[in-house]
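Notes follow the structure.
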């Protein structure tokens, strides 16, 4: 009982993960033993576009699975208010189209789909897909910069940010949302999912990969941030959005072939422009 009591005193966490085990706490401490240098952090930021382009050069369209789960998690994709009315959709960080093309396969009606990504190579994969059509406007852009959405001629009803904000430097989160807000129609909705703090992938980073608090470099030079629900909600509300929902969700990554079954923690949220 004494050991159990001591362990609980050491444990830290949040709603999705009530406590960290002693082993997990030690992993977090070891991560802090060697951070990447300031110079290396600046190079990662400077070359973010290059690293994502190399990622798609190496993996092409084979890395991410199609996101057939999005309409189950976000009913808004099936129709806002009037399901018979075609919607205008913006996917930020579209990759090779793993979200938009499953929607089209399900025959969901869209007036237009805007799809953007930092990587020019990813956009080429989107355009080369057999389902690509005139209703899809795919374009390369840096969503942290001014006028990044200048190709959008009509305000959109839905914007999707799924595992995108985490790949950007935390200092630029606010810039992304400031750029996004004007292109949304009144009462337009942002659908958000990203990595939650203490997700399994955060705990697995080795020393020499941590950039700053909750922000890490992957082996390939891309980066990943791990959010709390409080900071996500504060970030959106400080930009003018109204929170509809914002919570942790727990899932499992299962790969029977490789004998993998691990818990995952994500932040999932919906915000409205008011």
Legend entry - Subset tally (residues that are modelled with pLDDT of 90 or more and touching a helix residue (DSSP H, G or I) at 6+ places or on another chain (Cβ under 6 Å)) for region 71-84: 2
Legend entry - Single unsatisfied condition, residue 110 versus (1) closer than 21 Å to residue 144 by Cβ; (2) in contact with a helix residue (DSSP H, G or I) (Cβ under 8 Å, 6 or more places away or on another chain); (3) at pLDDT below 95: (1)
Legend entry - Matching residues in region 188-210 - criterion: being in contact with a strand residue (DSSP E or B) (Cβ under 6 Å, 6 or more places away or on another chain), assigned to a strand (DSSP E or B) and under 28 Å from residue 90 (Cβ atoms): 188, 189, 190, 191, 192, 193, 194, 196
Legend entry - Filtered residues of region 216-245 (kept if assigned to a strand (DSSP E or B), surrounded by fewer than 19 Cβ atoms within 10 Å (Cβ to Cβ) and touching a helix residue (DSSP H, G or I) at 6+ places or on another chain (Cβ under 6 Å)): 243
Legend entry - Scope region 23-42; condition exposed (fewer than 12 other Cβ atoms within 10 Å of the Cβ) and not in a loop (DSSP other than H, G, I, E, B); matching residues: 23, 29, 38, 39, 42
Legend entry - When residues of region 53-63 are limited to those that are under 16 Å from residue 128 (Cβ atoms) and out of contact with any helix residue (DSSP H, G or I) (no Cβ under 8 Å at 6 or more places or on another chain), the one modelled with the lowest pLDDT: 62
Inset, instruction - For region 43-60, state whether one or more residues are in a loop (DSSP other than H, G, I, E, B) and more than 20 Å from residue 210 (Cα to Cα). - result: yes
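Let's see how each residue does on (1) surrounded by fewer than 19 Cβ atoms within 10 Å (Cβ to Cβ); (2) more than 21 Å from the chain's Cα centre (by Cα); (3) at pLDDT below 95; (4) more than 12 Å from residue 96 (Cβ to Cβ):
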position: 119; (1), (2), (3), (4): no, no, no, no
position: 127; (1), (2), (3), (4): yes, yes, no, no
position: 133; (1), (2), (3), (4): yes, yes, no, yes
position: 137; (1), (2), (3), (4): yes, no, no, yes
position: 142; (1), (2), (3), (4): yes, no, no, yes
Inset, instruction - Evaluate the following for residue 51: is it buried (at least 17 other Cβ atoms within 10 Å of the Cβ) and under 21 Å from residue 193 (Cβ atoms)? - result: no
Inset, instruction - Just need a number here: residues in region 218-234 that are in contact (Cβ under 8 Å) with a residue 40 or more places away in the chain and under 15 Å from the mean Cα position of the chain (by Cα). - result: 9
Inset, instruction - Kindly establish whether residue 88 is under 19 Å from residue 132 (Cβ atoms), buried (at least 20 other Cβ atoms within 10 Å of the Cβ) and more than 18 Å from the chain's Cα centre (by Cα). - result: yes
Legend entry - Residue within region 251-268 that is touching a helix residue (DSSP H, G or I) at 6+ places or on another chain (Cβ under 8 Å) and modelled with pLDDT of 95 or more present: yes
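The values are calculated or read from the model by the stated rules, or taken from the named source; none is laboratory data. None of the values given here were measured: they were computed from a predicted structure. Counting neighbours? That spans all protein chains shown, and the Cβs are built from the backbone with ideal geometry, glycine included.
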